[in-house]
Structures are given as C-alpha cells and as structure tokens.
Amino acid sequence: MKDILESALCGDELSAQEFSKLYELDLFVLGDAADSIRQEKYQKKTFFNINRHINPSNICADICKFCAFSAHRKNPNPYEMSIDEILSQAIQSAKNGAKEVHIVSSHNPNYTYEWYLNVFREIKKALPELHIKALTAAEVDFLDRKFNKGFERVLEDMAENGVDSMPGGGAEIFAPKVREYICKGKVKAHRWLEIHKYWHSLGKMSNATMLFGHIESREDRIDHMLQLRDAQSEKEKVDSKKGGFNAFIPLLYQKQNNYLKVSEFPSGQEILKTIAIARILLHNIPHIKAYWATLGLNLALVAQEFGADDMDGTIEVESIQSAAGAKSRHGISKDELIYQIKDAGFIPVERDSLYNECGVY
Ligand code: V47
C-alpha cells in the first residue's frame, strides 16, 4: 500500500476521506513536503502587491452567520458609497502606488445592475493601468438572481466593462451541510464553481478561498480543495488558453461580532497543516496565499515555510475580517511588509495581480 503522502504527491485520485489522513502526519513531515514544492517553484521568494480594498456597501440581502461586516444587530452602521466616492478612493490609492483595486460588496438590494458596470467603466476610464479585481462569485450569483441576467451574461458584462480578474470570496466551505448552516441562501457550491469556470473560459484569472476553523471537519476542507483541483484540471483539459485559478487562499475564521458560535478553534499546528496540505494537493494551482489579515502577520510569515508563497498586499483599509476581530483595519505599509518578509528570511517580490514580478527587494 502506497503511503498517503506519496499518493498526494503523485496526484493520485483518492477520496477526501482518504486524503484527510494527511492530517495525522507530523507537522514537519507535511511542512518539508510542502516546502520542497514551494522552493522548487519560487525558491525563497515571497510575493506581495500594492493593493486597495474597496467595499462599496455593507447593506446585505443575505445573512451569513460568520459575517460581522454586513449591517445587522451587532453592527448597526449601514453605509452605501456613491460612484464618485469609489472613484476618488481608487484615484487616491493609485496616486499612492496601488496597482490593484479589490472591489467586493455586500449583496445590496438598492444598487442597480448598471450601477456596478458604471463603477468599473469609470475606474477604467480614469485609470486604465489599474487592475480591477472585482465581484465574488456570490455577488455574481446575486446579480444574476436579482436582475435575471444569467451568470454568463453578468460575467461577460463585467469583462466588457473593465473587470480584469475575480477575487476568490464566497467559496466558504463547499460541503452542503456546513454551507447550509453557515450561509444558507448564498450561492450554492456547484454554482460558485460554474461561475469561476465560465470566467476562466473567457480567458480570465481568478482566486479561490476557503473559510476554515469554524464547524467544518478536516474532510470538508480536503473535499473543498479537491473540488478546486478538479475544476482547474478540467479547464486544462478543455483548452490551453489563459484563464484559471491563480491562488488558493485559506481564510482563517475570525470570531467576533457575528452569529457563528464555535467551541474549538484550530491550533497553530492545525492551521499550518492545512496550508501545507493545500500546497501538496493543489499542484495545479500556482500560488498559495497566506492572507496576513486573517492569519496575523507572524503566522502568515511562518506559513511561508509550510508551502505558502504569497502574503497578499498592503490593503490600505480592510473592513471584512477586521469587523470580526482581525488586526487588519488599517492595512500595512509597503516598507513594513518588505521589512517583515526579509526579517523572516525570504525575498520580498512585488507582483502585479497576475503574478508578473515588478520589483525584488
Ligand atoms: O468570502 C467573512 C470571508 C471573504 C469572515 O481573492 C471571513 O485575493 C474570516 O474573499 N472570518 C471575502 N473570514 C474576502 C476574500 C478575499 C480576501 C483577500 C484576498 C482575496 C483574493 C479574497 O471573507 C468572504 C468570507 O469567506 N469572511 N467573514 C470572518 N468572520
């Protein structure tokens, strides 16, 4: 019988239950395997970008138990930004060096369909060089249902009006029972995947997240990763055109100001094992991002020794995870990020949104 790690490294098609045995291995055995893959691909480089998160509104038609960002009883501060406000934030950030705006909103029932397209058009017109990463598959699904467009049409309209890539949000956990409990009413797992696959078929890139550390099992995490791996390899089989997942981002659950009660949180070892397993199983997804906003800067740096190769970016203003207790509200300066990456023994590489290198420090 082949050992489970060997099977994972060979890309064998085992079940989530079988692969969940990877968690029983010693942390450093998994870490070494993940680090060899990471070093072969990127040596000691750690990627980051200069980006700006913009969240146009927190008024939401859906209720996800884990969300502390949307306006509700525990966060009674609804807001809606205008196109002018969004544009001036983008202009200010571009002046400060941002190369990407990451625009993700709540499912606001007040905005029109045209409103979204206008946001993208106006930003592109004013800042043609700025990369627009916008709308999660959950928002695409919301727009499809609200305006009866068909998700394909929503995605085509996004592409035509200036959206360059899609962020990985809204994936949460694909396992149906957990998904139903934590975010009933949100985009279904199969639709989340269909939306990304169609986006990829347009030759476009996106990311994929996984919200973990709440009520999901180890097997649910592995199942989530395997579904992403399969979606990516299906794309590779049908056509070799550009388009696919760029990065996998395991988002660690933050517990404050929300309605998802969790009795046991993952240990540092469990978190690092999850990142290492992601690197080992997702051989066809180029990057594993240790998102400093949910892991904290220190663990995100340690994760660079366990398979991760990216930290995300400067962010400037972070509203989703910080609403739930993360220490990420004010982003991080470029100098500090570079200093921290170097101090951890890695080479800071500034990248654009598609992972082209723009500076080595
Ligand atoms: O989908 C919400 C998550 C996501 C909490 O693509 C929470 O480059 C932890 O997707 N604890 C949105 N997470 C953010 C996101 C993202 C972030 C950074 C980079 C990229 C990328 C994507 O935030 C949601 C949800 O899973 N989230 N509440 C919470 N309490």
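The values are calculated or read from the model by the stated rules, or taken from the named source; none is laboratory data. Note that the structure is a prediction, hence the values are computed from the model and not measured. FYI the Cβ positions are ideal-geometry reconstructions off the backbone, even for glycines, and counts take in every protein chain you see. Note: areas computed on protein heavy atoms with side chains; ligands, DNA, RNA excluded. Shrake-Rupley method; radii C 1.70, N 1.55, O 1.52, S 1.80 Å.
Before moving on, here are some points about what is shown:
- Projecting the Cα atoms of Ile173, Ile341, Phe248 onto the charge dipole of the chain (Cβ charges, centred on the Cα centre) puts Ile173 farthest toward the positive pole.
- Toward the positive end of the charge dipole of the chain, with +1 on the Cβ of Lys and Arg and -1 on the Cβ of Asp and Glu, the farthest Cα among Ala61, Tyr23, Gln39 is that of Ala61.
- Full extension of the chain segment joining Asn110 with Ser333 gains 76.8 nm, where the gain is 0.36 nm per residue of separation less the Cα-Cα distance.
- Largest mean-square fluctuation among Ser106, Ser201, Ser263, in a Gaussian network model of the chain whose springs join Cα atoms under 10 Å apart, belongs to Ser263.
- Most simply put, the chain has about 15% antiparallel DSSP beta bridges, counting only bridges with both residues inside it.
- When the surface is traced with a 1.4 Å probe over the full set of protein chains, Trp115 keeps roughly 40 Å² accessible.
- The listed residues Ile320, Ile285, once ranked by accessible area (1.4 Å probe) with the largest placed first, stand as Ile320, Ile285.
- Approximating the spin labels as points 7 Å out from Cα along Cα→Cβ, the Asn284-to-Arg121 distance works out to 3.8 nm.
- Potential lengthening between Lys255 and Glu129 on full extension [0.36 nm per residue; Cα-Cα distance subtracted]: 41.6 nm
- Once the Cβ-Cβ distance of Cys10 and Leu202 is raised to the sixth power relative to R0 = 35 Å, the FRET efficiency obtained is 0.60.
- Heavy-atom accessible area per residue - the range 2-68, 1.4 Å, Å²: 45
- Rel. contact order, % - alpha carbon contacts under 8 angstrom, at least six apart, the range 88-137: 58
- FRET efficiency estimate (nearest 0.05) - Cβ-Cβ, Arg73 to Lys41, R0 56 angstrom: 0.75
- Rolling a 1.4 angstrom probe over the protein heavy atoms with all chains in place gives the range 182-320 an accessible area of 34 Å² per residue.
- Expressed as a whole percent, the accessible area of the chain that falls on carbon and sulfur atoms is 51 (1.4 Å probe).
- Using a probe of 1.4 angstrom and keeping all protein chains present, the accessible surface of the range 107-164 works out to 40 square angstrom per residue.
- Lys-Lys pairs in the range 157-239 that are eight or more residues apart or on separate chains and whose Cα atoms lie under 23 Å of each other come to 11.
- Förster-model FRET efficiency, 51 Å R0, Ala61 and Tyr361, C-beta, rounded to 0.05: 0.75
- If you wrap the range 1-139 in the convex hull of its Cα atoms and look at it from every side, the mean projected area works out to 13.0 nm².
- With the biggest extent put first, the Cα atoms of the range 139-273 measure 45, 33, 24 Å across the principal axes.
- Relative contact order (%) - the chain, alpha-carbon pairs under 8 angstrom, separation at least six: 23
- The mean of 1/r over all pairs of different alpha-carbon atoms in the chain, once inverted, gives a Kirkwood hydrodynamic radius of 20.5 Å.
- Highest-MSF residue in the chain out of Lys255, Lys146, Lys99 [GNM, Cα springs under 10 Å]: Lys146
- Entries in Lys289/Lys334; Lys149/Lys241; Lys242/Lys289; Lys133/Lys289 that, when Cα-Cα distance is taken, lie over 23 Å: Lys149/Lys241
- Taking each residue as 0.36 nm, the span from His190 to Ser263 lengthens on full extension beyond its C-alpha to C-alpha distance by 23.4 nm.
- At a Cβ-Cβ separation cutoff of 4.7 angstrom, cysteine residues of the chain with no neighbouring cysteine are Cys10, Cys60, Cys358.
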